[in-house]
Structures are given as structure tokens and as C-alpha cells.
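Okay, so here's the structure we're looking at.
The values are calculated or read from the model by the stated rules, or taken from the named source; none is laboratory data. Given the structure is predicted, the values throughout are model-derived calculations rather than measurements. Cβ placement follows ideal geometry from the backbone for every residue including glycine, while neighbour counts extend to all protein chains displayed. Areas reflect the complete protein model, heavy atoms only, side chains present, ligands, DNA and RNA absent. Shrake-Rupley method; radii C 1.70, N 1.55, O 1.52, S 1.80 Å.
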Amino acid sequence: MAELKSQPGVSTKDFVVISEIRDNLAILKDGSLRSVIEVSSMNFDLKSTDEQIAVVSAFQNFLNSIDFPLQIGISSRKMDIGPYLKSLDVLTATISNELMKIQAIEYTRFIKGLTELANIMSKKFYVTIPLHIVETMAQAGGAAKGFLGALKSIASPSKFVKSLTDQELENYKIQLNQRIEFILGGISGLGLEGRLLNKEELMNLYYSYYNPGHHL
């Protein structure tokens, strides 16, 4: 019988693709960058048929105008209304009018009952915009230097990420910001609002993704 060799344990960190977060972007272990835009929502069902057709057509044109990959994601989580209920209790205690106090108590009771019958979900919509440093090197270097630099980043992305200076990162951010501005303009054309997540928001987003139900 063949002897079984013990395998070294795999750390949970090995499943995290993010190397670090600087400013408003995430640097991945493969040497690529990511920025995330939070997008508002619209009630599509309440729009007329003509309005719905116009929205779908505008969205189609928006997608066809993009010449780089992106990711559209939806975060759906159970909403914690505990703080809201506590604020209602505090507000109710300050009401002197008996009739209004009774109404406030009934409203609080209704909200509690509603959450017991069904899960109240919070949905947020995101667009993740990537920039692969390899492609920027190839474009900038046309020459052998850019090509060789791209090959090095592919061969050892972790070393490349660690050696990435602030000045080099600023140069890559210029190209990424061009994509961000383009997407924000397209989102605005759809009648939606887009907002670029900052460092703290990015950390919370990715932390909650890898640790469901928890926040920083």
C-alpha cells in the first residue's frame, strides 16, 4: 500500500485574489487593477411600455459602446432593521400626544411583524471596471521593453505587485480613470446615478464578500 504523504494546509488567504487596496482601487494578485462603481436602481415595472423600450435600447447601445471587459454585480443581503426599530422606540418615548404615541407604537409593531413574516432584503448594484497592467505595458512599450515587462508581470505577478511604485500606479490610474469616466457617463445617460467607491468602502465591500454577515 502506497504511503500517503501529508499535504500542507491551505490558508484561507490563498482564496483571496486581492493583494492590497490603495486609494479607490484594488490591486489583485495577478497584477491587474479594479475600481468599483455603485449604481442606483430604477423601478422598471412602473414605467410605461415606451419608456421601458427606450431604457432597454439605451442600455443596449451603452453595452455596445464599451470596448473593454467589465463586471455587473448585485449584492443581496438581509437588511438589519434593528437600529431603525430602536430609533422608533426612542422617538415614541418623546411623544407627548397620546394618540400619536399609540399610532407610533402600532407602526413599530407592524414593522416588527413584517420582518418576522418575510426577509427584508437590501440590494445594491455595482459595476467593476478592470485594468490589466499587461495590456497597458504592451500599448506603452510597442517595443521590446514593454513586451518584456509584460512577460515578467505574467511570470511572477506577486513580485510585480510588490514592486509597484506609487508613481507607476498613478500612471495606470490615469488609464483606469478614463474608463471610469466613460462608464459614469453611460450610466448617467440611462437615467441612473453612479458613484465611485473609496478605499474604506472597497474594503468593506470585499470584506463582506469573503465574510458574509460581517462588516469591518
Check: When you scan region 79-109, how many residues do you find that are over 33 Å from the mean Cα position of the chain (by Cα) and not acidic (D, E)?
Finding: 17
Note to self: Here's a check for you: in region 164-174, which residue that is assigned to a helix (DSSP H, G or I) and farther than 11 Å from L33 by Cα is modelled with the highest pLDDT?
What the structure shows: I174
Check: All but one of (1) in contact with a helix residue (DSSP H, G or I) (Cβ under 9 Å, 6 or more places away or on another chain); (2) assigned to a helix (DSSP H, G or I); (3) open to solvent by less than 70 Å² (accessible area, probe 1.4 Å) hold for G185; which doesn't?
Finding: (1)
Check: Within region 99-141, can you find the residues that are among the acidic types (D, E) and modelled with pLDDT of 90 or more?
Finding: E106
Margin query: Testing V161 on (1) β-branched (V, I, T); (2) at pLDDT below 75; (3) out of contact with any Lys or Arg (no Cβ under 8 Å at 6 or more places or on another chain), one condition comes back false. Which one is that?
Written below: (3)
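Do you know which residues across region 192-202 are under 15 Å from A26 (Cα atoms) and more than 10 Å from the chain's Cα centre (by Cα)?
N198, K199, E200
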